[in-house]
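The values are calculated or read from the model by the stated rules, or taken from the named source; none is laboratory data. None of the values given here were measured: they were computed from a predicted structure. Backbone-built Cβ (ideal geometry, glycine too); neighbour counts: all protein chains shown. We work out accessible area using only protein heavy atoms, side chains counted, and drop any ligands, DNA or RNA first. Shrake-Rupley method; radii C 1.70, N 1.55, O 1.52, S 1.80 Å.
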Amino acid sequence: QVQLVESGGGLVQAGGSLRLSCAASGSIFSINTMGWYRQAPGEQRELVASMTKTGSTTFEDSVKGRFTISRDNAKNTVYLQMNSLKPEDTAVYFCNADLKMRPWSSESRYWGRGTQVTVSS
């Protein structure tokens, strides 16, 4: 089994910072892309940031310059450093990984259960 576990969410005032962590564990051969999505109530889940194994990154426009993403491939862990947080960043943040469990298998997408981030004004 593959498990993605997020941590680091919580309540923070506008302008503050949080760092989210996501560790993937279980039967994993390789991980291509890891990233973070978020979903606010009544809204579609949207990509926040992602990073490929080789370091290519993608950011949602509203978080550029405020959020950074990093990976520790040896630990199968991805981080999201969130600075200058705004109330509109409030959402459940989900970790995502596209990975292979075996060398011959195709990539599948796995999700964490989410961690709540609440930014007060």
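Contact map, region 1-20: residues that are closer than 29 Å to Ile31 by Cβ paired with residues that are among the aliphatic types (A, V, I, L, M) and in a loop (DSSP other than H, G, I, E, B), Cβ distance under 6 Å, separation 6+ or inter-chain. Pairs shown: Val12/Leu85. Considered as a group, the residues in region 1-16 that are touching a Ser or Thr at 6+ places or on another chain (Cβ under 7 Å) and of a type in the set (A, V, I, L, M) include one that is most open to solvent (accessible area, probe 1.4 Å), and that residue is Leu11.
Can Glu43 be described as assigned to a helix (DSSP H, G or I), open to solvent by 70 Å² or more (accessible area, probe 1.4 Å) and either among the charged types (D, E, K, R) or in contact with a Leu (Cβ under 8 Å, 6 or more places away or on another chain) (or both)? Quick ask: steps written out before the conclusion?
Numbers: assigned to a helix (DSSP H, G or I): no; open to solvent by 70 Å² or more (accessible area, probe 1.4 Å): yes; either among the charged types (D, E, K, R) or in contact with a Leu (Cβ under 8 Å, 6 or more places away or on another chain) (or both): yes.
No, not satisfied.
Identify the residue in region 75-121 that is outside any strand (DSSP E or B) and touching a helix residue (DSSP H, G or I) at 6+ places or on another chain (Cβ under 9 Å) and, among all such residues, is farthest from Gly42 (Cα to Cα). First the steps, then the outcome.
Let us first name the residues in region 75-121 that are outside any strand (DSSP E or B), namely 75-76, 83-90, 101-107, 112-114, 121.
Filter once more, so that each one left must be touching a helix residue (DSSP H, G or I) at 6+ places or on another chain (Cβ under 9 Å): 86, 88-89, 121.
Working: Lys86: 19, Glu88: 14, Asp89: 14, Ser121: 21 Å.
Ranking the candidates gives Ser121 first.
Quick one: in region 98-116, which of the residues that are under 27 Å from Leu80 (Cα atoms) and polar (S, T, N, Q) is nearest to the chain's Cα centre (by Cα)? Looking at residues that are under 27 Å from Leu80 (Cα atoms) and polar (S, T, N, Q), I get Thr115.
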